[in-house]
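J.: Have a look at this one.
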Amino acid sequence: MLALVFPGQGSQHVGMGTTAAAHSPAATAALREADEVLGFALTRLMVDGPEEELKATEVAQPALLAAGYANWLAVRELLPEPAFVAGHSLGEYTALVIAGALDYPTALRLVRRRGELMRDAAAARPGGMAAVMGLDAAVVAELCAAAPGVVAPANYNAPGQVVVSGEPAALAAAGEAAKAAGGKVIELAVSGAFHSPLMQPAAEALREELAVAAFNHAAVPVVQNVTAAAEIAPAALREGLARQVTGSVRWTESVLAMRDAGVTRMVEGGPGKVLTGLLRRIAPEVRGYALDGAAALEGLAEWLASTG
C-alpha cells in the first residue's frame, strides 16, 4: 500500500517546479494556471526568486501547493492508486487536491488567502516558534502548559521532535524549561506563532472562506493533521482545515495511523525531503521516496518496482 504526502511551509526553495515542468506539459500548464488564478507571476518567484519574496507566507503557501501538484502531474501515470493522502500543515491542501476533494483553482485561492490571514494575525500578535529536541511529547506539552503566557505544541513532527509556538516571553520560558529538563531548543526563522492560539483571528476568517468553497467527497481518504484520522466527507474536511490554523499538526500519529492501516511505501510529493526524513524516525519500516529533483523523478519507476 502506498501513501502520498506533501510538505508544508519551510520546504519552499528557489527553482522549485522547474523539474516537473521540464518533464510534463501538464505540470507546465498547472504552473501557468496558478499565475492566471492568482493574478500575479507566482511561477517567476518560484523559478527565479528572490528567496526573500518567495518565503513570505502569502507567497510560499500557494507556491508549495503549485509545486506539489505539478510534481504529482509529472509522475501520476507511474504511481499506483494511493491508499491515503496527507500533508503537513499547508500540505494538507495539496493532498485534498490530489484526492479530488478540492479543485486546484479553489485550493490556490484558499491558500493564498490563508497566507494573508496568517501574515496579518502574526503582525497583530507577534510570536515565534522553536523546535524542542530530545524530550517526550507529553513532557513538552506539560512545559508549555506551565509557562506564563501563550505557548503551545504546534507540530508533533517525530519522536523526540516537537515544535512549540507562542508569544516571545512564553516561548522563551518554555524553552528554558525544556533545556532544564534535558532537551535541546532551536529557534525557527518564522514570521509568526503558527498553529497556536495567536492565530485565532486567521482561523475565524478562514472558516468563513471555507464555508463557501466547493468541497467534494474525497476519492482517497485524507489523513487530517488535527485528528490523525482519515476523512472523506466535505464537512469533516472543512472543519479540519479550520481547526488546523490554531491546532497542532499531529504528524507522528498521522504516519503511524497510515502504517497501521497497511501502508508500506510513502512518496513525498515535494519540494524537499523533510517528510521523508521524519518518516525514518517515525516508522523506519515504511519505505520513503522524495520527489525532489530530476534524478528523483527519473528514478521513481525503478523505486516502485523494487519496493512493490
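The values are calculated or read from the model by the stated rules, or taken from the named source; none is laboratory data. What you are looking at is a predicted structure, and each value in this text was computed from that prediction instead of being measured. Cβ coordinates were reconstructed from backbone atoms using ideal geometry, including for glycine residues, and neighbour counts include every protein chain displayed.
J.: Given the conditions (1) surrounded by 24 or more Cβ atoms within 10 Å (Cβ to Cβ); (2) over 13 Å from Gln12 (Cβ atoms), which single one is not true for Val37?
T.: If we test Val37 against (1) surrounded by 24 or more Cβ atoms within 10 Å (Cβ to Cβ); (2) over 13 Å from Gln12 (Cβ atoms), just (1) comes out false.
J.: Counting just the residues of region 143-159 that are in a helix (DSSP H, G or I) and touching a residue at least 24 places away in the same chain (Cβ under 8 Å), which one comes out surrounded by the fewest Cβ atoms within 10 Å (Cβ to Cβ)?
T.: Residue satisfying both the conditions and the ranking: Ala146.
J.: Here's a follow-up. From the list Val5, Val14, Val59, Val85, which one is in contact with a His (Cβ under 8 Å, 6 or more places away or on another chain) and either part of a loop (DSSP other than H, G, I, E, B) or surrounded by 19 or more Cβ atoms within 10 Å (Cβ to Cβ) (or both)?
T.: Every option except Val5 fails the conditions.
J.: Moving on to the next point. Given the conditions (1) crowded, with 24+ Cβ neighbours inside 10 Å; (2) more than 13 Å from Gly270 (Cα to Cα); (3) not acidic (Asp, Glu), report the number of the one that Arg44 does not fulfil.
T.: (1)
J.: Can I ask one more? Being in a strand (DSSP E or B) and aliphatic (A, V, I, L, M) narrows it down to one of Val140, Val162, so name that one.
T.: Val162
J.: Among the residues of region 62-82, write down those that are surrounded by 22 or more Cβ atoms within 10 Å (Cβ to Cβ), of a type outside the set (A, V, I, L, M, F, W, C) and either assigned to a loop (DSSP other than H, G, I, E, B) or touching a strand residue (DSSP E or B) at 6+ places or on another chain (Cβ under 8 Å) (or both).
T.: Of everything in region 62-82, those that are surrounded by 22 or more Cβ atoms within 10 Å (Cβ to Cβ), of a type outside the set (A, V, I, L, M, F, W, C) and either assigned to a loop (DSSP other than H, G, I, E, B) or touching a strand residue (DSSP E or B) at 6+ places or on another chain (Cβ under 8 Å) (or both) turn out to be Gly68, Pro82.
J.: Can you tell me which residues in region 188-226 are in contact with a helix residue (DSSP H, G or I) (Cβ under 8 Å, 6 or more places away or on another chain), closer than 22 Å to Gly115 by Cα and not hydrophobic (A, V, I, L, M, F, W, C)?
T.: Ser191, Gly192, His195, Gln200, Pro201, Arg207, Glu209, Gln224, Asn225, listed by residue number.
J.: Here's a follow-up. Go through region 99-156 residue by residue and tally those that are hydroxyl-bearing (Ser, Thr, Tyr) and assigned by TED's automatic domain parsing to the domain that holds Leu256.
T.: Within region 99-156, residues that are hydroxyl-bearing (Ser, Thr, Tyr) and assigned by TED's automatic domain parsing to the domain that holds Leu256 number 2.
J.: In addition: Tell me which residues, restricted to region 61-105, are more than 17 Å from the chain's Cα centre (by Cα) and touching a residue at least 12 places away in the same chain (Cβ under 8 Å).
T.: Answer for region 61-105, where residues must be more than 17 Å from the chain's Cα centre (by Cα) and touching a residue at least 12 places away in the same chain (Cβ under 8 Å): Leu73, Ala74, Val75, Leu78, Leu79, Pro80, Glu81, Pro82, Ala83, Gly100, Asp103, Pro105.
J.: Looking only at region 227-256, count how many residues are more than 19 Å from Ala214 (Cα to Cα) and either part of a loop (DSSP other than H, G, I, E, B) or in contact with a Gly (Cβ under 9 Å, 6 or more places away or on another chain) (or both).
T.: The total comes to 9.
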